[in-house]
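Step one of this worksheet: look at the structure below.
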Amino acid sequence: MTRVVIAMSGGVDSSVAAALLVRQGYDVIGLMLRLWGEPTADQRFNRCCTPDALAQARRVAAQLGIPFYALDAQDLFKARIVDFFVDSYAAGLTPNPCLECNRHIRWTYLLDQARDLGADYLATGHYARVETPDGPSGRGYRLRKAVDTHKDQSYVLSVLGQAQLRQALFPLGHLTKPEVRALARELELPVADRPESQDLCFLADGDYRRFLREHAPTVLKPGPIMRRDGTIVGEHQGLALYTVGQRKGIGLSTREPLYVLELRPVDNALVVGGADELGRDRLVAQRVHWVAGEPPMGPIRVEVKIRYKAAPQPAIVNALPAGRAAVLFDGRLRDITAGQAAVFYAGDDCLGGGIISREPYPTTTAAASDS
Amino acid sequence: MSGIYLDYAATTPVDPRVLAAMLPYFTTEFGNPSSVHRHGQRADHALETARATLASVLGCAPRDVLFTSGGSESDNLALRGLALAAREGRGANHIVSTPVEHEAIRATCHQLRDHFGFELTEVAVDAHGQVSAAAIAAALRPDTAVATVIYGNNEIGTINPIAEIAAVARARGVPLHTDAVQAAGQLPLAVGELGVASLALGAHKAYGPKGIGALYLDSGFGLLPTQTGGSHERGLRAGTPNIPLIVGLAEALRIAAAERDEHNAHQRRLRDRLIAGVLGTIPDSRLTGHPMDRLPNHASFALRGVDGNALLMHLDLAGIAASSGSACKTGDPRPSDVLLACGLSPEWALGSLRLTVGRATTDADVDTVLARLPALVARLRERAQQPERQLASGS
């Protein structure tokens, strides 16, 4: 019998996913990872795995007649995700911890735990699809957008490679959220949503600025606010408190509305400018990962998402040496943000992605490719 | 459920004889013992017969036996009731306890300290988690309201010298309460010999039903009730008595006392096989609790560098139900206070494993566990060395 480990949160998505796997005849085991959560006066729970969530997942598992266990990953999560989150802000980057969690926790640590339990697959309640190769000649495993594009989570799964996709199941990838809710009602499963992947689950209250002030005050160094020409127009309270494209809350009273153009850690400057100065049409991504296992030959035309919730934008991507890629958009984008992921799509196929860097765009991509 | 159950310290199945004794009281004999009519009279008779049965197991007068909803309630009632009565009667304001008590005792002590203004002294235990009479004697004060020491420890199996400790307390006029929930069914419960002022027990660790317990209370000591209402249980614990469960409790403990030598010999032998097997085949393993003075069914270990919680999961999927000692289903590895009190470092304490055998455990069960455990522990240790194995080779 094929054994599947399902990552359960107690919420509607993973509960329905678990139920579907049971219905499909798999030998299903439910797991929940206990992740690090910010300590507060009376508790220290990650919002992904509160005692309530755990109890809920246990009840669902019992209802489905599958075993369920909670495993500790607090130290690993703290080191790999929380520390990374703080370090990124210290470096003037705006990180996406969900993506890193999928990379290091779910699809590395949890997948290994599942393999240890003799599982053939690891399943999650993510909205995405895996396409298996259709023949020996065919391409490898493909990661595809969910049928429900509003719920699609392939962005945070873009870090998966062939080894992971071979063992990945996303039972909800073919369903819409309303269908999932209907199934939950039909199966008498919980219908409440748990925090989704855009949430910073380890924060006590979701306020990352407060978290940095309290837990990483050294990250927040006041510095100059300046125009592109170097004119100093004010003082900021720490680059980590700002994001590219932001207008409100900069603390400037100018007649012309000013936007955050750039966080520049090299001189701890917050660069601002008018709406006309906002936006770029190119970026260089680092730590680039290709779902297929290797970069494409030559430039490819793709659509690129520069944030989890951003609309895909047409662009040309050139793979560069050392796990980098140059992305040239057809038009200007206002909020290209270093630290976020640029994820590449060909239609519904997620080809991979990388972390947006501050590296200058190569003068010619051909030259960069040669170097 | 099939498989091997080695968690009898968590709970036991109800003995079919106990179930048979209980069944009529759910249906045909459903009366309320407080009623005037004959339904009530028959229920009252069942209640008082059960009380007399339990009294004979405890070697006390029936009037000194109170029925409660379980061991935890008995602990709460005794500790809070004795402490508050002693404060009222003689201005006593101090409680003596130990770091190896069950949560029902520890949390009650902490509440009495934090919300009722009692002073609390927790005496030290030795490396086996054993409490000495001398340590208790040194902690007793003229204003000590109550002292409390667990009889047989749930987590590490250590038996405490309750008779010696009670003698010390009694000589100083201090009531000693003991939590005998884990000991009930395995150890002698003759309260005259133990010399305690109160003793808490439950049914479900002794092949009786859950949700029922009893408290022995020496009527020489005052007790302020914490649940008030009717005049049930001499006005010390209000609430219509749960006759079927009370009948089940009495029958379970009667059987346990009558068959104790036979069951204990069986369990002790299997326990000792487990202890010898684990310590002999698993490197960096040690016994927790006392090597001699331990509950007959109780084997507990610390395995260095092993995630105890993960071990339980793997054992369960291999068909072996075990425990880490302190029930933790949340996956949050906090080293147990009991093991820390015994002087274990967290590196050892996080790898706790409790294997408790029962009447139905067989040599074949023990063989299976001993055959599977070493390889499983080795694999988990290997895993702990490299939590992100795949990262090195993967993307």
Next item on the list: Select from the stretch A:47-76 the residues that are among the small types (Gly, Ala, Ser) and either more than 11 Å from every other protein chain (Cβ to nearest Cβ) or in contact with a strand residue (DSSP E or B) (Cβ under 6 Å, 6 or more places away or on another chain) (or both) and list them in ascending order.
Entry: A:Ala57, A:Ala61, A:Ala62, A:Gly65, A:Ala70, A:Ala73
Note to self: Quick check on the stretch B:1-49: of everything there that is assigned to a helix (DSSP H, G or I) and among the charged types (D, E, K, R), which residue is nearest to B:Arg354 (Cα to Cα)?
What the structure shows: B:Arg17
Check: Does the stretch B:1-27 hold any residues that are at pLDDT below 95 and hydroxyl-bearing (Ser, Thr, Tyr), and which are they?
Finding: B:Ser2
Item checked: Tally, over the stretch B:281-301, of residues that are out of contact with any Gly (no Cβ under 6 Å at 6 or more places or on another chain) and either among the aliphatic types (A, V, I, L, M) or closer than 19 Å to B:Leu380 by Cβ (or both) -> 11
Margin query: Given the options A:Ala79, A:Ala114, name the one that is within 12 Å of chain B (Cβ to nearest Cβ) and farther than 30 Å from A:Pro217 by Cβ.
Written below: A:Ala114
Notebook entry, point to check: What about A:Asn102, is it surrounded by 18 or more Cβ atoms within 10 Å (Cβ to Cβ), under 30 Å from A:Val271 (Cα atoms) and among the polar types (S, T, N, Q)?
Noted result: no
Next item on the list: Considering only the stretch A:93-111, state which residues are within 19 Å of A:Arg34 (Cβ to Cβ) and more than 14 Å from chain B (Cβ to nearest Cβ).
Entry: A:Pro97, A:Cys98
Notebook entry, point to check: Does A:Arg209 satisfy being at negative phi, of a type in the set (D, E, K, R) and assigned to a helix (DSSP H, G or I)?
Noted result: yes
Next item on the list: For the stretch A:247-261, name all the residues that are at pLDDT below 90 and of a type outside the set (Val, Ile, Thr).
Entry: A:Arg247, A:Lys248, A:Gly249, A:Gly251, A:Leu252, A:Ser253, A:Arg255, A:Glu256, A:Pro257
Margin query: For the structure I just gave you, tell me whether B:Ala104 is in contact with a Leu (Cβ under 6 Å, 6 or more places away or on another chain), closer than 24 Å to B:Ser323 by Cα and in contact (Cβ under 8 Å) with a residue 40 or more places away in the chain.
Written below: no
Checklist line | Members of the stretch A:293-311 found to be surrounded by 15 or more Cβ atoms within 10 Å (Cβ to Cβ), under 19 Å from the mean Cα position of the chain (by Cα) and either part of a strand (DSSP E or B) or not hydroxyl-bearing (Ser, Thr, Tyr) (or both), listed by number | finding: A:Glu303, A:Val304, A:Lys305, A:Ile306, A:Arg307, A:Ala310
Check: B:Thr158 passes all but one of (1) within 15 Å of the chain's Cα centre (by Cα); (2) over 20 Å from B:Asp293 (Cα atoms); (3) among the β-branched types (Val, Ile, Thr); which number fails?
Finding: (2)
Notebook entry, point to check: Restricting the search to the stretch A:118-157, which residues are within 14 Å of chain B (Cβ to nearest Cβ) and surrounded by fewer than 20 Cβ atoms within 10 Å (Cβ to Cβ)?
Noted result: A:Gly118, A:Gly140
Note to self: I need the full set of residues from the stretch A:11-44 which are within 13 Å of chain B (Cβ to nearest Cβ), surrounded by fewer than 24 Cβ atoms within 10 Å (Cβ to Cβ), closer than 20 Å to A:Leu200 by Cα and of a type outside the set (Lys, Arg), in order please.
What the structure shows: A:Leu35, A:Trp36, A:Gly37, A:Pro39, A:Gln43
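The values are calculated or read from the model by the stated rules, or taken from the named source; none is laboratory data. On a predicted model such as this, the values are computed, not experimentally measured, just so you know. Please note: Cβ atoms are built from the backbone with ideal geometry, for glycine as well, and neighbour counts cover all protein chains shown.
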